[in-house]
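Have a look at the structure below, then the notes.
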Amino acid sequence: MTAATPGARRNRRVGALARLGAAFVLLAWPSVARASRPREALGCEPASARVARASPDAASGRARVWPEPLDRVLSLDVGDVDLRSALDRIAADARVRVSYSPEVVPVARRVCLSFQQTTLGDVLVTLLDGSGVAPVVIGADQIVLAPSRAAVGADATPARARDATHLERVVVTGTATGGAERASPFALTVIDGRSLSPSSMQSMSSVFDGAIPGVWLWAQSPASVVARYGSLRGASSFGVSTPKVYIDGIEAANPLMVTQLDPSSIERIEVIRGPQGAALYGSDAISGVVQIVTRHDGVDADSPTTDVRVSAGSSTSSYATGGILAQEHGVTVRHGAAANAASLGLSVSTLGAYTPGADAQQVMASGSVRHVGSRAIVTGTLRMHATNTDVPASPLLSGLLTGPSKLADSTPQRVRQYTLGTSATFQASEQWTHALTAGIDGYRLSGMSAASLPLPSSTDSALRAARGGADRMSLRLSSTRRFASPETNGVLLTFGAEHSTAREQTSGLGTQLASRSWVQSASDTSSAPRTQYTSSDDANGVTWWHNTGVLTQAQVALNGSLFLTGGARLEHISGPATASQFALLPLLGASWVAGQGPVTMKLRAAYGRGIRPARTVARGGTWMGGHESRSLNALAPEEQAGTELGVDAMWGEHLSLNVTRFDQRASGLVQPVALLDYGSFVSGPGPGGSTNYQARVLYQLQNVGAIDNRGWEMQAKSSLGPLAVGATLSLVSSRVARLATGYLGDLREGDRMLEVPARTMGLNATWSASRWTTTGTVSRAADWVNYDELSLAKAIAADSTGMLVPVGRALRAYWRDYEGSTRVSLRTAFALRAHTWINLSGENLLNRQIGEPDNVTVVPGRTITLGLRTAF
């Protein structure tokens, strides 16, 4: 080997330095370009143009009259700064005190501080445009920046693309006390309450499907009181797949019971997909977190305080004669301004018999209060929901199954839900922010549904006679400490503690659950009687569950572009059917944001792990019932861990694209496996002196093994003048990676998970004119595997003894492929005059009543309603 000469070594060093310098220039170019561009390119357009855009009065040539001290006139020419620095400069020049919480004010947002002879009120409104925050005078020289729907217009058109992609928007989900979305390392979707139809209640499925990539709920009817999630980035459980749901920070006792929303009470809905949220929200968050934030704003002096809406229409059905009456009426009253506000809302809806014996009545009530002080914001939340339905079996099964199950009869189902709580955010100093949330959520249910169980049997009648309920009390404390400037160059530390206690009482299933000691040979098809199983478990018990978690998280910002996030939550889970255990739930993530001209790009990556006990309120309150500790002691908890990588690209305020790749593994998923118990019932001596035995179906809870959930999520939004368009696409692969020892169910390694669509997609478009707005949505789920419920029912009906009921491996013969299901809806509103609108809506316009998630579930057909909404 020939030694390099000094000149050659010098040339290599020069070349390496040149390459390093070029790499540095490429990385630093966005910042250099911003610094070298003229002020106009940074968004510092003429002050008059920005004031006109933010203030309708200024745009019309009328000078807005502000109270003292907002009427003080300022002249500022600082240029491009972050909002925190701008507020500090404004407070100094105007000689006022400006109080706010970083939880609600996007302090990291870059703004242009350039105004000449402009009132303080106009300056603040312009800088806060689109943030949902407004200035409130609470003293002679003190102003509080508080959340206010009036700041963005109570009757504003549906949210544009910029509302869903603005990186400086403050979100509460994923951070303990709120923070800018710019630093979030994982996918986070926000649905603005203004994009929901204010004229009618909406189901969670109609709100989520097609709007949130990676999430799909099967079509719900008003007669359905339990949500059925088809996919949350694949499978996260059997029959009880659900994210962890919070209402204003208060954990829902049973997230499957949160099925209907009153849009008039919703400020926004924030959704984390995957287990990354478990580091902040603890157990049960293995598939995601949903935070429903309700409105707590007041009204302006010249705004209406009362909103009344009435609507009525007709629903068609292939299983009923004539039109089916559908109606809804509601009223909302708001009082006070941004500093002190209160509201109360009430809505009532009914639906006639879209199938014989099926009808529904719902009543929803909500209330809120808010007080904004110089350093604290305190809110209160009240929600009540009552549903009465008559739930028949599918008309497609009529005449097939009779006898003990009585599946053709209508069964009354009654649900009562409530949420009551309070939250407070206290700005102790510029460095410390503290938050407290305390509340209780609960429900009462009678006439449980067995929709998640594959086999129609006497289990259904047992569940229909069941009753259950739960109450969950939760307390959450969190504090954040700021070092330097966490939005640009600094550190944000979060400390928190949370405790929840749930009291559950359910009954009904009793002896339908087989204990772990009850074993059936899967290969033995003999009709001889098996070991008689008699449950000694308490079929009507009270169960207490406790969860306690402590967490810490650090977020480091470098040059306002690179954000590193790391943290963990130590969770303690205890309950009578779950041995006390500790779990460490970590979160690691990073995001990098860069901009060039109108284009901004964000790269993100995150890893998380979540855990769910084998016994949960959701599982007990929907189909299981009873205090079946023996069936659960041997079960491992359900877990999910994995990574996600994503890129978010934005072209100004007009176009955005979000792409996410996720790779997660779920293990220990609990499945109710059907088994046959021979010899349960003796029908008397048979021919030749023999004894006839009749078999019955039992269910044993078993861990399946491991499931790999992989896929892509894509979302695009654009806003061009009066037209706003959004589209989503999700590609999901959810397959069995391995089976647990002793598993007796119908799944095999390599199988697709049942009820998980391979593709879900959505398209929505809104056209807004001066007096009318029209919104159309299309959502579709395609390509999934599920049971052929109709063939199963026929097989069971043909076997009078029950000896040949398909269980275990035999169920695979009743699997079938489902091609897909498409839903189309259209809503339009026309303004007759100020604060009065006519609303026309059409739901399920394709009139598809069956096909998801199986071939026997029936939902209401095409529904057309006409309504009137007025405010005064």
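Numbers at a glance
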quantity	calculated
Residue match in the stretch 756-775 (condition: under 30 Å from Arg833 (Cα atoms), among the aliphatic types (A, V, I, L, M) and either surrounded by 20 or more Cβ atoms within 10 Å (Cβ to Cβ) or modelled with pLDDT of 95 or more (or both))	yes
Subset of the stretch 801-826 that is modelled with pLDDT under 95 and β-branched (Val, Ile, Thr) - its residue that is surrounded by the most Cβ atoms within 10 Å (Cβ to Cβ)	Val807
Criterion violated by Ala252 - all others in (1) under 27 Å from Thr379 (Cβ atoms); (2) free of Cβ contacts under 8 Å to residues at least 60 places away in the same chain satisfied	(2)
Test for Thr350: is it outside any strand (DSSP E or B), closer than 25 Å to Glu852 by Cα and β-branched (Val, Ile, Thr)	no
Filter result for the condition that a residue is modelled with pLDDT under 95, in contact with a helix residue (DSSP H, G or I) (Cβ under 9 Å, 6 or more places away or on another chain) and among the polar types (S, T, N, Q), over Ser791, Ser779	Ser791
The lone exception for Ser203 - which of (1) of a type in the set (Ser, Thr, Tyr); (2) modelled with pLDDT of 90 or more; (3) open to solvent by 10 Å² or more (accessible area, probe 1.4 Å) it fails	(2)
Scope the stretch 238-256; condition open to solvent by 10 Å² or more (accessible area, probe 1.4 Å) and assigned to a loop (DSSP other than H, G, I, E, B); matching residues	Phe238, Gly239, Ser241, Asp248, Gly249
Test result for Gly230, outside any loop (DSSP other than H, G, I, E, B), open to solvent by less than 10 Å² (accessible area, probe 1.4 Å), of a type outside the set (Val, Ile, Thr) and out of contact with any Gly (no Cβ under 8 Å at 6 or more places or on another chain)	yes
Count of the stretch 83-109 residues which are of a type outside the set (Gly, Ala, Ser), closer than 22 Å to Asp192 by Cβ and not in a helix (DSSP H, G or I)	8
Whichever residue in the stretch 726-755 is in contact (Cβ under 8 Å) with a residue 60 or more places away in the chain and closer than 19 Å to Leu655 by Cα and, among such residues, is most open to solvent (accessible area, probe 1.4 Å)	Leu729
Whichever residue in the stretch 763-816 is among the charged types (D, E, K, R) and within 33 Å of the chain's Cα centre (by Cα) and, among such residues, is nearest to Val858 (Cα to Cα)	Glu789
Candidates Ala497, Ala514 - the one that is at pLDDT 85 or above and aliphatic (A, V, I, L, M)	Ala497
Unique residue being under 30 Å from Phe582 (Cα atoms) and either among the β-branched types (Val, Ile, Thr) or modelled with pLDDT under 90 (or both) when the list is Val673, Val682, Val659, Val647	Val673
Among (1) out of contact with any Asp or Glu (no Cβ under 7 Å at 6 or more places or on another chain); (2) crowded, with 18+ Cβ neighbours inside 10 Å; (3) aromatic (Phe, Trp, Tyr), the one test that Phe872 misses	(2)
Residue identified as of a type in the set (Lys, Arg), in contact with a strand residue (DSSP E or B) (Cβ under 8 Å, 6 or more places away or on another chain), surrounded by fewer than 24 Cβ atoms within 10 Å (Cβ to Cβ) and not in a loop (DSSP other than H, G, I, E, B) among Arg194, Arg182	Arg182
Residues of the stretch 426-450 satisfying the condition of being within 30 Å of Ala386 (Cβ to Cβ) and assigned to a strand (DSSP E or B)	Leu436, Thr437, Ala438, Gly439, Ile440, Asp441, Gly442, Tyr443, Arg444, Leu445, Ser446
Unmet criterion (only one of (1) in contact (Cβ under 8 Å) with a residue 40 or more places away in the chain; (2) touching a Leu at 6+ places or on another chain (Cβ under 7 Å); (3) open to solvent by less than 30 Å² (accessible area, probe 1.4 Å)) for Val785	(1)
Contacts under 8 angstrom Cβ, first residue in the stretch 86-108 being over 19 Å from Gly178 (Cα atoms) and at pLDDT below 85, partner open to solvent by 40 Å² or more (accessible area, probe 1.4 Å) and not hydrophobic (A, V, I, L, M, F, W, C), 6 or more apart	Arg97/Asp141; Arg97/Ser374
Test for Gly323: is it under 30 Å from Phe426 (Cα atoms) and of a type outside the set (Val, Ile, Thr)	no
Candidates Ala798, Ala829, filtered to the one that is surrounded by 20 or more Cβ atoms within 10 Å (Cβ to Cβ) and either of a type in the set (D, E, K, R) or over 19 Å from Pro395 (Cβ atoms) (or both)	Ala829
Candidate set: the stretch 461-493, residues that are assigned to a strand (DSSP E or B), among the polar types (S, T, N, Q) and surrounded by fewer than 21 Cβ atoms within 10 Å (Cβ to Cβ); chosen: the one modelled with the lowest pLDDT	Ser485
Filtered residue count, the stretch 105-138, keeping only those that are open to solvent by less than 30 Å² (accessible area, probe 1.4 Å), over 15 Å from Val73 (Cβ atoms) and either of a type in the set (Val, Ile, Thr) or out of contact with any helix residue (DSSP H, G or I) (no Cβ under 9 Å at 6 or more places or on another chain) (or both)	5
Of all residues making up the stretch 315-336, the number that are of a type outside the set (Phe, Trp, Tyr) and open to solvent by 50 Å² or more (accessible area, probe 1.4 Å)	11
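The values are calculated or read from the model by the stated rules, or taken from the named source; none is laboratory data. The model shown is predicted, which means the values in this text are computed figures rather than measured ones. Heads up, the Cβs are rebuilt from the backbone with ideal geometry, glycines too, and the neighbour counts pull from every protein chain shown. Ligands, DNA and RNA are excluded from the accessible area calculation, which covers all protein heavy atoms including side chains. Shrake-Rupley method; radii C 1.70, N 1.55, O 1.52, S 1.80 Å.
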